[in-house]
Amino acid sequence: MKIKNNNVPAASKMNQLRQICNFIPEFSVSKIARETKVDEQARTFSPWSHVVSLSYAQLTHSIGLNDVCDALNLNSGPLSSIRGATPPSRNNLSHANKVRSAQMAEILFWRVFEHLGDLSPRFVSGKAGKRFARKFKRTIHLVDSTTIELVASCMDWAKHRRRKAAAKCHLRLDLQSFLPRFAIVDTAKHADARRAREVCAGIKAGEIVIFDKAYVDFEHLADLAMREIYWVTRPKENMSYEVVAEYQQGVQGKILSDQLIKLKTPSSQEKYPELMRRVVALVEVDGKEVVMEFLTNNLEWSAQSIADLYRARWQIEVFFKQIKQTLQLADFLGTSANAVRWQIWTALLVYLLLRYLSFLSNWSHSFSRLFTIIRSSLWKKWDMMGLLRLYGTADGHFRYLASPQQVYFPGMC
């Protein structure tokens, strides 16, 4: 790629991979390794070298163990400058992915999240955002899951259909900051509703959570309402209810109806005895207006606000699209459940670090362009902020927002 005006970024004493890894707090990896007893399984290949190797695999989109190990061995000198990291052999990396607890990668993600939040509170709070969510003046959580296809013939632990295997990541995304706030990596055989309580456990009173009908469980909805959490979702097709009151007469703009309802069947009433709001609206999907129904426990918002809130749920699909199209979540470096979890949590960690770089540099282009620029210059001794500001000041827009029709593409669920 030709650099604008033939300018080059300022030189740095550190290569760019080292500059990225420096955002991981020093000694945090060794401390977590002791907590999770991973250090007891590490002899010649340290936990820090393991984290750097998997991060490199994500940043370069490596497609196999040989790809990672050969590249790092060829660059062993620059690699050693990253706090003494050493290149792995194929056997060492494969064995580490298989036997070292992936809980270490999960804990590391949240420790780095807290560390970056301490360095830049506005990064994790999302208060600097200029989006639809700001008018509600409260945290908005988006809940959904994404299925990551695996190879059924060698990953029996992940089989969920006769000839298919997959892992599933259940995630709660903060709409304002566009960062994960909770995640569970599991097999795909369990229904989403079974994970709803865990995913929503950390939400506070007064906040808003939005999820699709796959997460609808009336007992869980009642629990959220008791905790004074506002929720917005869509009803299942077989939901039986009766109308208690009409909030509007006839069609008003895009709002077809706005009703106060109660559940009709005895079992549903027992699980959710309170009244709820049902809004029917015209929503544009794929260039066409379709009729959609929405449910919420908030009886005061305007009907259009409820429809707009649910429409914001598409942003979690944009998030899944970003990590699947850029990071390495298609080719896995191991076939065990532990190896897959290591790779998924490392992907989330790398995403977090890249987003922090975009925050510091006021990056104004797409996440995919940010990724490709960094990937192409990992071993260069250029100032990272200078590089991103050089490219990021050109005309562009950091496209987090998207319309529903933009999030569907072959092979991505």
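The values are calculated or read from the model by the stated rules, or taken from the named source; none is laboratory data. None of the values given here were measured: they were computed from a predicted structure. Glycine also receives a Cβ, built like all others from the backbone with ideal geometry; neighbour counts cover every protein chain displayed. Remember, those area values only see protein heavy atoms, side chains included, never the ligands or the DNA or RNA. Shrake-Rupley method; radii C 1.70, N 1.55, O 1.52, S 1.80 Å.
Miscellaneous remarks
For every residue, the table says whether it meets (1) more than 25 Å from E26 (Cβ to Cβ); (2) modelled with pLDDT of 95 or more.
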{"site": "D70", "(1), (2)": "yes, yes"}
{"site": "L74", "(1), (2)": "yes, yes"}
{"site": "I82", "(1), (2)": "no, yes"}
{"site": "A85", "(1), (2)": "no, yes"}
{"site": "H95", "(1), (2)": "yes, no"}
{"site": "M104", "(1), (2)": "no, yes"}
{"site": "I107", "(1), (2)": "no, yes"}
{"site": "W110", "(1), (2)": "no, yes"}
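- Lone qualifier among A105, A57, A33 - being touching an Asp or Glu at 6+ places or on another chain (Cβ under 7 Å), touching a residue at least 60 places away in the same chain (Cβ under 8 Å), part of a helix (DSSP H, G or I) and closer than 20 Å to N338 by Cα: A33
- Breaking point among (1) within 24 Å of V318 (Cβ to Cβ); (2) touching a strand residue (DSSP E or B) at 6+ places or on another chain (Cβ under 9 Å); (3) at pLDDT 75 or above, for G126: (3)
- Residues of region 36-46 satisfying the condition of being open to solvent by 20 Å² or more (accessible area, probe 1.4 Å), in contact (Cβ under 8 Å) with a residue 12 or more places away in the chain and either closer than 16 Å to L333 by Cα or part of a helix (DSSP H, G or I) (or both): Q41
- Taking every residue in region 63-82 that is on the phi > 0 side of the Ramachandran plot and part of a helix (DSSP H, G or I) and pairing it with any residue that is among the polar types (S, T, N, Q) and surrounded by 14 or more Cβ atoms within 10 Å (Cβ to Cβ), at least 6 positions away or on another chain, yields no pair with a Cβ-Cβ distance below 9 Å.
- Note on region 271-295: residues that are within 14 Å of Y241 (Cα to Cα) and either open to solvent by less than 30 Å² (accessible area, probe 1.4 Å) or in contact with a Phe, Trp or Tyr (Cβ under 9 Å, 6 or more places away or on another chain) (or both) total 8.
- Considering each residue of region 320-335 in turn, none proves to be open to solvent by less than 10 Å² (accessible area, probe 1.4 Å) and farther than 30 Å from S368 by Cβ.
- Output for region 295-329, where each listed residue is closer than 26 Å to D258 by Cα, outside any loop (DSSP other than H, G, I, E, B) and either of a type outside the set (V, I, T) or in contact with a Gly (Cβ under 9 Å, 6 or more places away or on another chain) (or both): L295, A303, Q304, S305, A307, D308, L309, Y310, R311, A312, W314, Q315
- Once region 206-258 is narrowed to residues that are closer than 15 Å to M292 by Cα and among the hydroxyl-bearing types (S, T, Y), the residue that is most open to solvent (accessible area, probe 1.4 Å) is S257.
- Total residues in region 312-336, condition hydrophobic (A, V, I, L, M, F, W, C), within 26 Å of K135 (Cα to Cα) and touching a Phe, Trp or Tyr at 6+ places or on another chain (Cβ under 8 Å): 3
- Those residues of region 178-205 which are surrounded by fewer than 17 Cβ atoms within 10 Å (Cβ to Cβ), touching a strand residue (DSSP E or B) at 6+ places or on another chain (Cβ under 9 Å) and farther than 18 Å from A347 by Cβ, in sequence order: K189, H190, E198, A201, G202
- Filtered residues of region 55-100 (kept if of a type in the set (A, V, I, L, M), under 25 Å from R369 (Cβ atoms) and open to solvent by 10 Å² or more (accessible area, probe 1.4 Å)): I63, A71
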